[in-house]
Amino acid sequence: MDSQAFDADAALKERAVRVIPGGMWGHQNSARLPAGYPQFFSGGEGCRSRDANGRSYIDYMCAWGPMILGYADPDVEEAAARQRAEGDGFNGPTPRLVELAELVVDVVPHADWALFSKNGTDATTACVTTARAGTGRRKVLVARGAYHGAIPWCTPSVAGVTEEDRAHLVPYDYNDVESLEAAAESVKGDLAAILVSAFKHDLGKEHVLPTSAFAQAARRIADAHDAALIVDDVRAGFRLDLGGSWEVVGVRPDLSAWSKAIANGRALAMVTGNDRFREAATKIYTTGSFWTAGVAMAASIATITKLRHVDGVAKMWGAGERLRKGLQAQADKYGLPLKQSGPAQMPVFLFDGDGDRSLGNRFCLEALARGVYFHPTHTMFLSVAHTDAVIDETLEITDEVFKAIA
């Protein structure tokens, strides 16, 4: 479609404002991005998405993380279609529920059981609730600046959230052992859980992996207080290690929250846990009308099976490293202070001294205009569909971008 003849995205934005508060909600509102980003999309294949105007992009957001194998992966789509033909939602779950739980317990070393829901906030909330039920205590340690979902108990102070909603959260600094120890000591006798992100991925800031010392301390402190160690793997799950992101630092949680990529774009989330919290998980009340729907579970079985078969983590890491090295060489060539951080599979691109984000915004907008979708401040995501050829195509474009802004 000729976007100059008719701007479908702009027309949809105008219509949306009339019937949706603000025109869109949350992180998927393009008003939160520099002017020029599309808000509405019409399709995607592999590592490429297509906006409502028909413009195609090499996509490094992967639908904000869910597309781990790529858009419209044929194996996942076949599994979903097969289940859809049999049915999706009934009075009870389909056999896919048990099959998926069995697969997850086989793949995730710390998991003795699994529960399923629909989004990441469901999963983090269920983890915290299970920890409180299993310990009989209230306090949860959370890292300053960390994001664990869009619900009052864990959302930073915004409209509609009260101090009472977050009354039992106790802050610590990620990767700071002394800070974590002090936070735990401050609520001794009432500590239910230590909640940690897979890595420190605060918006617009350098991403930092957990140190071995911090991860070991989190495990030790949780054990000493008979509290739960919870890893929020909603964002990173299956991209760093199929067994859970903290497998890379040799520490296993008691409970873990998953979503985003576990069904390659289908709405699904899960909690995995060990036998220490099995009984507690039977006591909490958590449910949803669509939580046992079979299509998403069939898609998840296909997704996990394929990730194992193709060694998806290694493929994503290799593509991410190829991109990272190529971008750094280009930035150095043109004398631009690019600062890359985070795991290679989940990078963030920032620029030193770019306090007002003008350089980062221009870099991303120039790339967008040439058909590459980056994000100026958020964690980005690579998928198995980002092949070496796609990375090389991206680097040809980014060389033009660096030259244009140098």
What does the convex hull of the Cα atoms of the range 94-211 come to per residue, in Å³, rounded to a whole number?
144
On average, how much area does the Cα convex hull of the range 75-120 cover when viewed from any direction, in nm²?
4.2
Starting from the Cα gyration tensor of the range 349-406, take the square roots of the eigenvalues, sort them a ≥ b ≥ c, and report rounded, prolate or oblate (rounded when a/c is under 1.5, otherwise prolate if a/b is larger than b/c, else oblate).
oblate
Can you list, bin by bin at 5 Å, the percent of alpha carbon pairs in the range 74-310, starting at 0?
1, 7, 14, 19, 19, 16, 11, 7, 4, 1, 0, 0
For the chain, the Cα gyration tensor yields equivalent-ellipsoid semi-axes (√(5λ), largest first, whole Å) of 34, 26, 21
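Averaging the inverse of every distinct alpha carbon separation and then flipping it gives the Kirkwood radius. What is it for the range 1-149, in angstrom units?
19.5
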For Gly237, which sequence-distant residues (separation of 5 or more, or a different chain) have an amide H within less than 5 Å of its own amide H, given hydrogens modelled in the peptide plane?
Ser259
Of the GluC sites (Glu not before Pro) in the range 1-104, which ones lie in a loop per DSSP and count no more than 12 other C-beta atoms within 10 Å?
none
Under the Karplus curve 6.51 cos²θ - 1.76 cosθ + 1.60, θ = phi - 60°, whole-Hz ³J(HN,Hα) for the range 210-217, x wherever Gly or Pro sits:
x, 6, 4, 4, 5, 4, 5, 5
Binned at 5 Å from 0, what are the whole-percent values of the Cα-Cα distance distribution for the range 109-161, short to long?
4, 16, 23, 25, 21, 8, 2, 1
Given 0.36 nm per residue, what is the gain on full extension from Glu77 to Ala369 after removing their alpha carbon distance, in nm?
102.1 nm
Using modelled backbone amide H atoms (1.01 Å from N, in-plane), which distant-in-sequence or interchain residues come within less than 5 Å of Leu229's amide H?
Ile194, Asp254, Leu255
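Based on Cβ point charges of +1 for Lys and Arg and -1 for Asp and Glu, what charge dipole magnitude is obtained for the chain about its Cα centre, in debye rounded to the nearest 20? Mind dumping the intermediate values first?
Values: 42 positive and 51 negative charges, 100 e Å.
Using Cβ point charges on Lys, Arg, Asp and Glu, the chain gives about 480 debye.
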With just the Cα atoms defining each centre, how far is the range 258-320 from the range 113-176? Give it in Å.
20
If one takes the longest principal axis of the Cα atoms in the chain, at what angle in degrees, from 0 to 90 and to the nearest 10, does the Cα axis of helix 8-19 lie?
40
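Rule-based calculations on the coordinates, nothing more; no lab input. From a predicted model like this one, the values you see are computed outputs, not experimental measurements. Here the Cβ is made from the backbone with ideal geometry for all residues, glycine too, and neighbour counts use every protein chain on show.
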